[in-house]
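Worksheet: the structure to be examined is printed underneath.
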Amino acid sequence: DSGVTQTPKHLITATGQRVTLRCSPRSGDLSVYWYQQSLDQGLQFLIQYYNGEERAKGNILERFSAQQFPDLHSELNLSSLELGDSALYFCASSSWGTKGEKLFFGSGTQLSVL
Amino acid sequence: QKEVEQDPGPLSVPEGAIVSLNCTYSNSAFQYFMWYRQYSRKGPELLMYTYSSGNKEDGRFTAQVDKSSKYISLFIRDSQPSDSATYLCAMIGYSSASKIIFGSGTRLSIRP
């Protein structure tokens, strides 16, 4: 168990809809990352938050947004969903220590857009 | 050119064989190197973490970094069917402002 909690584990919805994915980082971790992984594809970095503020943006669509709350949990909002948005969405948390940064991943949310 | 290159495989070897997985990179600023193991439809799991050049051993796993060649390797000894997974390399620079970069992953299958 990595200590990173993601809910829900599975989500089935229709095109055009909006969903929210939730992530609770490991205790003490300030950074939260969101990744998308389509079938047989690598991890695509979406966005990173650090202590409530956006730190870095990757290939995140304008239809997608995220935020990190004061209690450090994070939510990824996906709107106007398309079939191509079907993927595994991972959250990871990290802490920067004296020997660099280690990412710990949650078990993911499987999103199916029908 | 991608910052990190990793052969996607698939790589299939018999049980008990030594497995060698590799990544090359182009950014000399990378200082920390990681290997993640990902089972099908599960989250990546941190397997090995190394700093700078050299070797690090943990049980059947050895991570090797050659910064002069910009090349990292993961060796698995006495491979087991339970090692069948996708292995992703990852690397990051020296400061918290750096961005972690993942390889695309190598799919490994260990035949009983």
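Considering only A:Asp29, A:Asp71, A:Asp85, the mean-square fluctuation computed in a Gaussian network model of chain A, springs between alpha carbons under 10 angstrom, is largest for A:Asp71. Taken one residue at a time, the phi angles of segment B:37-53 give Karplus couplings (6.51, -1.76, 1.60, θ = phi - 60°) of 10, 10, 7, 3, 6, 10, x, x, 10, 5, 9, 9, 9, 9, 10, 6, 7 Hz. Gly and Pro are set to x.
State, as an integer percentage, the relative contact order of chain B based on alpha-carbon contacts under 8 Å between residues 6 or more apart. Write out the running numbers ahead of the final one.
Details: 278 pairs, mean separation 41.2, N = 112.
Value for chain B: 37 percent.
Averaging the Cα positions of each part gives two centres, and for segment A:63-114 and segment A:3-52 these lie 2 Å apart. Over the protein assembly as shown, what portion of Cα pair distances is larger than 31 Å, expressed as a whole percent? The share of Cα pairs beyond 31 Å in the protein assembly as shown comes to 21 percent.
If you take the alpha carbon atoms of segment B:19-112 and fit the smallest convex hull around them, that volume is 94 Å³ per residue. For segment B:49-88, the share of alpha carbon pairs falling in successive 5 Å distance bins from zero is 6, 21, 30, 22, 13, 7, 1 percent.
Remind me, relative contact order of chain A in percent, using alpha carbon pairs under 8 angstrom and six or more residues apart? Let's see the in-between values first.
Working: 290 pairs, mean separation 41.7, N = 114.
Worked out over chain A, it gives 37 percent.
Computed from the C-beta positions of A:Arg63 and B:Ala29 and an R0 of 45 Å, the FRET efficiency is 0.85 to the nearest 0.05.
If R0 is 41 Å, the Cβ-Cβ spacing of B:Ser109 and A:Ser79 corresponds to a FRET efficiency of close to 0.60.
Probe radius 1.4 Å, ligands and nucleic acids ignored: give me the carbon and sulfur share of the accessible area of chain A as a rounded percent.
Numbers: 2620 of 5550 Å².
Carbon plus sulfur share of accessible area: 47 percent.
Accessible surface buried by the B/A pair amounts to about 1700 Å², both sides summed, 1.4 Å probe.
Extents of segment A:10-114, largest first, come to 45, 29, 22 Å (Cα atoms, principal axes, whole angstrom). Across segment A:1-65, counting alpha-carbon atoms alone, Rg and Dmax equal 13.0, 37 Å.
Of A:Leu30, A:Leu83, which has the most accessible area and how do the rest follow, probe 1.4 Å?
Values: A:Leu30 55, A:Leu83 110 Å².
From most accessible down to least: A:Leu83, A:Leu30.
Only Cα sites of segment B:1-72 enter the Debye sum here, all with the same form factor; the resulting log10 I(q)/I(0) across q = 0.26, 0.27 1/Å is -1.41, -1.43, listed in q order. Here's how it looks for A:Lys102: its modeled amide H is under 5 Å from those of A:Ser95, A:Gly97, which are all 5 or more places away or on a different chain.
The values are calculated or read from the model by the stated rules, or taken from the named source; none is laboratory data. None of the values given here were measured: they were computed from a predicted structure. Neighbour counts are summed over all protein chains in view; Cβ atoms, including those assigned to glycine, are modelled from backbone coordinates with ideal geometry. Calculation scope for accessible area: heavy atoms of the full protein, side chains included, ligands and nucleic acids excluded. Shrake-Rupley method; radii C 1.70, N 1.55, O 1.52, S 1.80 Å.
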